[in-house]
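Here's the structure, in structure tokens; my notes come after.
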Amino acid sequence: MNREQAWELLNEYTQKDSLIKHALAVEAAMRSYAKKFNEDEDAWGIVGLLHDFDYEKYPTAQDHPFRGAEILREKGVDENWIKAILGHADYTGVERDTLMAKTLFAVDELTGMITAATLVRPSKKIDDLTVKSVKKKLKDKAFAASVNRDDIQKGVDELGVDLSEHIQFVIDAMKSQAEALGL
């Protein structure tokens, strides 16, 4: 599956602008990490783009991301990509045993926190966002309450990166797509 096909699939299943932007944010972070790790940027980006493509139609833990995995298998998508997507949801029990899977898990919730932290800034621009500001928002459990802080920490631990460096890296990745993300 190429990027264009992945984009079409995402848009076939996802109408909400916020979910499209989340997919784009995760794609940007995955592409940046792939470049850093000398991995396939297109493959990693597509996995990031598609990780939640089924969520709007199948939002329950019973269905997401399982239904998406079935759809991707029917389309002949690489099983390693599918396993990484399944592993991004801790409740699936699918082990994150590849760098791609660990990275997807590590960036997923963090992109949501970074987006929320950006949107409450007076400028609403990611260019103004600092690591310190994101870390402060992480401590405030009432802020962006749907963002799972435990998953952010677990992702950092599994990926073996420093939290502050990880936040900065993902901010920088998202800055590269600021216009598309509305940030």
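The values are calculated or read from the model by the stated rules, or taken from the named source; none is laboratory data. Everything numeric in this text was worked out from a predicted model, so none of it was measured. Here Cβ is always computed from backbone atoms with ideal geometry, including for glycine, and neighbour counts include all displayed protein chains.
Within the group K102, K125, K141, which residue is out of contact with any Cys (no Cβ under 6 Å at 6 or more places or on another chain), at pLDDT 95 or above and surrounded by fewer than 20 Cβ atoms within 10 Å (Cβ to Cβ)? Don't jump to the end; show me each part of the working.
Details: K102 fails: surrounded by fewer than 20 Cβ atoms within 10 Å (Cβ to Cβ); K141 fails: at pLDDT 95 or above.
So the residue among K102, K125, K141 that is out of contact with any Cys (no Cβ under 6 Å at 6 or more places or on another chain), at pLDDT 95 or above and surrounded by fewer than 20 Cβ atoms within 10 Å (Cβ to Cβ) is K125.
Scanning the stretch 87-99 for residues that are touching a helix residue (DSSP H, G or I) at 6+ places or on another chain (Cβ under 6 Å) and either surrounded by fewer than 22 Cβ atoms within 10 Å (Cβ to Cβ) or in contact (Cβ under 8 Å) with a residue 24 or more places away in the chain (or both) turns up H88, T92, V94, R96.
Yes/no per residue for (1) of a type outside the set (S, T, N, Q); (2) in contact (Cβ under 8 Å) with a residue 24 or more places away in the chain:
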{"residue": "L129", "(1), (2)": "yes, yes"}
{"residue": "K132", "(1), (2)": "yes, no"}
{"residue": "D150", "(1), (2)": "yes, no"}
{"residue": "D157", "(1), (2)": "yes, no"}
{"residue": "E165", "(1), (2)": "yes, no"}
{"residue": "V170", "(1), (2)": "yes, yes"}
{"residue": "S176", "(1), (2)": "no, yes"}
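Across the stretch 17-58, the number of residues qualifying as touching a His at 6+ places or on another chain (Cβ under 6 Å) and either surrounded by fewer than 20 Cβ atoms within 10 Å (Cβ to Cβ) or without any contact (Cβ under 8 Å) to a residue 40 or more places away in the chain (or both) comes to 1.
Residues of the stretch 148-183 that are among the β-branched types (V, I, T) and either at pLDDT below 95 or not in a loop (DSSP other than H, G, I, E, B) (or both): I152, V156, I167, V170, I171.
List the helices (runs of 4 or more DSSP H) inside the stretch 1-70, counting only whole elements, that have at least 2 residues being over 24 Å from Q168 (Cβ atoms) and within 14 Å of the chain's Cα centre (by Cα).
17-36, 41-50
For A61, the conditions (1) in contact with a helix residue (DSSP H, G or I) (Cβ under 8 Å, 6 or more places away or on another chain); (2) in contact (Cβ under 8 Å) with a residue 40 or more places away in the chain; (3) within 22 Å of D151 (Cβ to Cβ) all hold with the exception of (2). When the stretch 135-147 is filtered for residues that are among the acidic types (D, E) and assigned to a helix (DSSP H, G or I), nothing remains. Pairs linking a residue in the stretch 109-120 that is under 15 Å from K132 (Cα atoms) and without any contact (Cβ under 8 Å) to a residue 12 or more places away in the chain to a residue that is of a type outside the set (A, V, I, L, M, F, W, C) and in a helix (DSSP H, G or I), with Cβ atoms under 6 Å and 6 or more positions apart or on different chains, do not occur.
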